[in-house]
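Taking it in order: structure first as structure tokens, then the write-up.
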Amino acid sequence: MTTLSLKLSPAAIDPALPASGLPRLSGDGLRLGYRQRTICEQLNLRIPDGSFTVVIGPNGCGKSTLLRSLSRLLKPLDGQVRLDGRDIHSQPAKAVARQLGLLPQSAVAPDGITVADLVARGRYPHQGLLRQWSREDESAVNEALKATGTAELADRLVDELSGGQRQRAWVAMALAQQTPLLLLDEPTTYLDIAHQIELLELFRTLNRDGGRTLVAVLHDINHACRYATHLIAMKDGRIVAEGAPSRIVSAVLIEQVFGLPCLIIEDPVSHTPMVIPR
């Protein structure tokens, strides 16, 4: 099994801070939904700069809807998402894509595309009329392939891959984009337990050593507690608690959010909260 690693590129680090003093990514008074059907409401959030923020909650509570809104894919019915202090929808899509990357929940690759070509699409925001494919782009793609253990799959068609291999290819595309902000919607889907841990360790490295701010939706509460520096717990379209896992995770919170009676013990390895169902 390949151990995931990453040569951290300076392009992944952007020290710019919004003049407002707010974190780079925030939302105020958000009401989110589809065709006037409200999924989330009264959401106010600040994604701490330099954090590995994880969103947890039961199915259908609005986690993915929130992530779509933060990524500019979904315009709020009310309220505003701000990137660098400005309404994210007032900014050009390509400019946003140079600052914020997204790994969607159910990505679909074009027919007949290879893994290398898919990952190369992560460089699109950096292209322009006066800037075409460069050595920097080539390096970013190669780093992303190596980091996700997909270099040996580069010439394979995405359609031919297993679910886990395909998921790692999509992660590689997101990494190749080299944005200081990265949103990940259920990134461990389809992966076996060993690859889940490898990928989460990679994300931790991107956060700690690479200076990236990550926001991920995870279903495994214990993974969330182990890897998150900032946790957001949602239920019925609302945020019910947020903060460091060691501060907010309790048996009361888990039963409130998931309806699961449990015990909370200390993870003997990471010393973070561990949820044990009763």
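If I model a spin label as a point 7 Å beyond the Cα along the Cα-Cβ vector, how far apart are those points for Gln80 and Gln36 in nm?
2.5
Rounded to two decimals, what is the ratio between the C-alpha radius of gyration of region 25-128 and 2.2 N^0.38 Å?
My calculation over the Cα atoms of region 25-128 gives 1.18.
With the other protein chains left in place, how much accessible area per residue, in square angstrom, belongs to the chain at a 1.4 angstrom probe?
Per residue, the chain has 46 Å² of solvent-accessible surface.
Net charge near Ala224, counting Lys/Arg +1 and Asp/Glu -1 over other residues with Cβ under 13 Å of its Cβ?
Once positives and negatives cancel, what remains is -1.
If we count every other residue with Cβ under 10 angstrom of Thr272's Cβ, Lys/Arg +1 and Asp/Glu -1, where does the sum land?
The answer is -1.
Calculate for the chain the 222 nm mean residue ellipticity that helices alone would give, adding -39,500 (n - 2.57) per DSSP H run of length 4 or more and normalising by residue count, nearest 500 deg cm²/dmol.
That comes out to -8000 deg cm²/dmol.
Calculate, in nm to one decimal, what Thr205 and Ala251 gain on full extension: separation in residues at 0.36 nm each, minus their alpha carbon distance.
Answer, rounded to one decimal: 13.6 nm.
Across all directions of projection, what mean area in square nanometres is found for the Cα convex hull of region 48-98?
Mean shadow area of the hull around the Cα atoms is 4.4 nm².
Using alpha carbon coordinates only, what is the Rg to Rh ratio of region 189-278, with Rh defined as the Kirkwood radius?
0.96
Grab the other residues whose beta carbon is less than 15 angstrom from that of Thr65, score K and R as +1, D and E as -1, and report the net.
Local charge sum for Thr65: +4.
With the contact rule set at Cα under 8 Å and sequence spacing of 6 or more, what percent relative contact order holds for the chain?
25 percent.
Answer rounded, prolate or oblate for region 128-271, using the Cα gyration tensor with square roots of eigenvalues a ≥ b ≥ c: rounded when a/c is under 1.5, else prolate when a/b is larger than b/c, else oblate.
The shape class here is prolate.
Of all accessible surface on region 54-115 at a 1.4 Å probe, what whole percent is carbon and sulfur?
Within region 54-115, the accessible surface is 46 percent carbon and sulfur.
Can you tell me the length gained on complete extension of the stretch Leu263 to His219, counting 0.36 nm per residue apart and subtracting the Cα distance?
Stretched out fully, the Leu263 to His219 stretch lengthens by 14.0 nm.
Is region 77-145 best put as rounded, prolate or oblate by its Cα gyration tensor, with a ≥ b ≥ c the root eigenvalues, rounded for a/c under 1.5, and otherwise prolate when a/b is larger than b/c, oblate when not?
Oblate, since a/c reaches 1.5 and b/c is not below a/b.
Any chance you could run the full-extension gain for Ser270 through Arg121? It's 0.36 nm times the residue separation minus the Cα-Cα distance, nm to one decimal.
Extra length available between Ser270 and Arg121 comes to 50.0 nm.
Quick one: putting +1 on the C-beta of Lys and Arg, -1 on the C-beta of Asp and Glu, what dipole do you get for region 109-235 around its Cα centre, in Debye to the nearest 20?
480
The values are calculated or read from the model by the stated rules, or taken from the named source; none is laboratory data. Computed from a predicted structure; not experimentally measured. Neighbour counts are summed over all protein chains in view; Cβ atoms, including those assigned to glycine, are modelled from backbone coordinates with ideal geometry. In case anyone asks, the SASA skips ligands and DNA or RNA and just uses the protein heavy atoms, side chains included. Shrake-Rupley method; radii C 1.70, N 1.55, O 1.52, S 1.80 Å.
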